[in-house]
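A short worksheet on the structure shown next.
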Amino acid sequence: MGSSLLATDGYKFSMAEAGWPLRRETFYYSHRKGGQQVVPLDLESHVRALLPEPTESDYSYLARNSYEMGAGFKAAIQRKEKLVIRAMPQGARFYSREPVFTLTGPSALVSWLEPLLLQLNFRIQVATQALADREAVAKALAVLSCEEEKRIALETLDAVGVKPVPISVDAEGYHARVVAVVRELVEAVQDPSRIFEVGLRAATCMEQHEIALRACKEAGVMRTSNVYLAQKLGMIPVGTMGHEHVQRYGADEPAFRAIRERRPERSSYLLDTYDTVTSGLPTAFRLVHEEPGAGDSIRFDSGDKKKQYVLAVSRAKEEGIKPVLILEDGLDAQATREFEALRTQYGWESSKQFYGYGGFIVARTMACSYTRDRVAAVYKLSRTGHVPTMKFGNELAEGKQSIPGVPVVFRRKSGSGPIGLIGQEGEPVPEGYELLSGATPETAAAIPAPGEGEHRVAYTPATQALVTELRQRHFPQGPAHHS
């Protein structure tokens, strides 16, 4: 049995309507940090078990909540036979930044899976720690948030051949910690309607997220990106645009126009896919000028958000426009108070400034340390149609740009060089390496374990050529660091 169609983030539905839901696209899953880690399960079976099973009542609910879906989306979601999964085998070891698996298929379908797939990071962390230090994993898993989280942990220990450890569940304690955190945020902004929750991707499972959302509701916060639980708990589903949408269009302006001109709802413009200051912000302001009364918003998501905020507010006042400002990504209570102080200092209306929180509400309140941020798990669009794409943002110097194309991993089995090479599907296997993506467990087990310090991962010439081409296309004069 699959998942509910609603078991994803709201912006997946709006982006599908403003994009090409039937287009063939590739996404990949990776951890940006964490060192050597292990694949604890058959990824293809796991992914296919998550695929949505839509109902007419799902579509009716979406239509009543600003997400009416068209024929293209409905067809794409049903085309499960088009899904191609290329994954490292169960038991394989992987390293930071290597693509653990890629999914290729109809855009709406492979995009829809993101928040549920990101929850894999919990299983991977449990398995990796268990194989390295059973006492450490027992300590980390001593108290968990819910019964489903406990089931996943025990299932993972069994999958990697480690004896079960004692685990207690303290759902009430987790609920209480989330309530306290959300109440602190509400106190900082003085109005719970100015806060929305975006923590499905930071949760370990749906049950844990439900406990967190019940706590949010108790503290007065009624908006969440989790459409399934919004329906179940009587909350309001929210979300408009993610980086993948801008990557599909290859530039900010056509992407922003698509979200505004293909959906009748208010638009929200995400600024940082390529560069916040030189591209995202001026483009968004240009569209706001065209329809100043539409109530559109701009969203800051990476880099030095304070500098970006001051620049945006100053320019908006000079130009006589009043877009709604949305702040997300890594916010905590202290950062919220600082942005509220800036809002007061610059005279920006409280009704024009909103805050979104994910990990701060859902993950930092966990008793267990195995959070998504600990390994920086990501799921990124890498090819749309026949065009490779990547996210740059304001992070070029920090190694946060994504990988383009249809990436695969080559693992060194002899000789010298990087332990891992990130190549492209169909690229000849380099001498001394073995193709790990799509390999059998037996093949993976036969590859010699690396020695100490041999964990460097590099690009093959084919992948490097794609990165260079995309950099030159988007930054012909070189990247501008204005974050």
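Consider region 359-407 and keep the residues that are modelled with pLDDT under 95 and acidic (Asp, Glu). The one that is surrounded by the most Cβ atoms within 10 Å (Cβ to Cβ) is 395.
Only residues that are of a type outside the set (Asp, Glu), open to solvent by 10 Å² or more (accessible area, probe 1.4 Å) and at pLDDT below 95 were counted in region 269-301, giving 8.
Do we find that residue 266 is surrounded by fewer than 23 Cβ atoms within 10 Å (Cβ to Cβ) and part of a helix (DSSP H, G or I) in this structure?
Details: surrounded by fewer than 23 Cβ atoms within 10 Å (Cβ to Cβ): yes; part of a helix (DSSP H, G or I): no.
In short, no.
State all residues of region 216-229 that are in contact (Cβ under 8 Å) with a residue 60 or more places away in the chain and either open to solvent by 20 Å² or more (accessible area, probe 1.4 Å) or in contact with a Lys or Arg (Cβ under 8 Å, 6 or more places away or on another chain) (or both); if no residue qualifies, say none. Result: 228, single match.
How many of the residues making up region 66-108 are polar (S, T, N, Q), touching a Pro at 6+ places or on another chain (Cβ under 6 Å) and open to solvent by 10 Å² or more (accessible area, probe 1.4 Å)? Can you show your working first?
The first filter runs over region 66-108 and keeps only residues polar (S, T, N, Q), leaving 66, 78, 90, 96, 102, 104, 107.
Going one step further and asking which of them are touching a Pro at 6+ places or on another chain (Cβ under 6 Å), we end up with 90, 107.
Pick out the ones that are also open to solvent by 10 Å² or more (accessible area, probe 1.4 Å) and you get 90.
So the count comes out to 1.
Applying the set (1) free of Cβ contacts under 8 Å to residues at least 60 places away in the same chain; (2) closer than 29 Å to residue 29 by Cβ; (3) among the hydroxyl-bearing types (Ser, Thr, Tyr) to residue 204 leaves exactly one unmet item: (1).
Within region 130-150, if we keep just the residues that are crowded, with 23+ Cβ neighbours inside 10 Å and not small (Gly, Ala, Ser), the residue that is farthest from residue 376 (Cα to Cα) turns out to be 146.
Just one residue in the set 176, 127, 153 is open to solvent by less than 20 Å² (accessible area, probe 1.4 Å), free of Cβ contacts under 8 Å to residues at least 60 places away in the same chain and either under 24 Å from the mean Cα position of the chain (by Cα) or within 18 Å of residue 360 (Cβ to Cβ) (or both); that residue is 153. Residue 384 fulfils the conditions (1) touching a Gly at 6+ places or on another chain (Cβ under 7 Å); (2) closer than 30 Å to residue 39 by Cβ except for a single criterion, (1).
Taking the condition among the hydroxyl-bearing types (Ser, Thr, Tyr), open to solvent by 40 Å² or more (accessible area, probe 1.4 Å) and under 30 Å from residue 435 (Cβ atoms), does residue 45 pass? Steps first, please.
Working: among the hydroxyl-bearing types (Ser, Thr, Tyr): yes; open to solvent by 40 Å² or more (accessible area, probe 1.4 Å): yes; under 30 Å from residue 435 (Cβ atoms): yes.
Criteria met by residue 45.
Could you tell me whether region 311-333 includes any residue that is under 16 Å from the mean Cα position of the chain (by Cα) and on the phi > 0 side of the Ramachandran plot? Yes - at least one qualifying residue is present in region 311-333.
Listed conditions (1) assigned to a loop (DSSP other than H, G, I, E, B); (2) touching a strand residue (DSSP E or B) at 6+ places or on another chain (Cβ under 6 Å); (3) of a type outside the set (Ser, Thr, Tyr) are all met by residue 230, apart from (1).
Among the residues of region 248-258, some residue qualifies, meaning at least one is farther than 18 Å from residue 9 by Cα, open to solvent by 30 Å² or more (accessible area, probe 1.4 Å) and aromatic (Phe, Trp, Tyr).
The values are calculated or read from the model by the stated rules, or taken from the named source; none is laboratory data. In this text, all values refer to a predicted model and were calculated from it rather than measured experimentally. Here the Cβ is made from the backbone with ideal geometry for all residues, glycine too, and neighbour counts use every protein chain on show. What goes into the accessible areas is simple: the full protein's heavy atoms, side chains included, and nothing from ligands, DNA or RNA. Shrake-Rupley method; radii C 1.70, N 1.55, O 1.52, S 1.80 Å.
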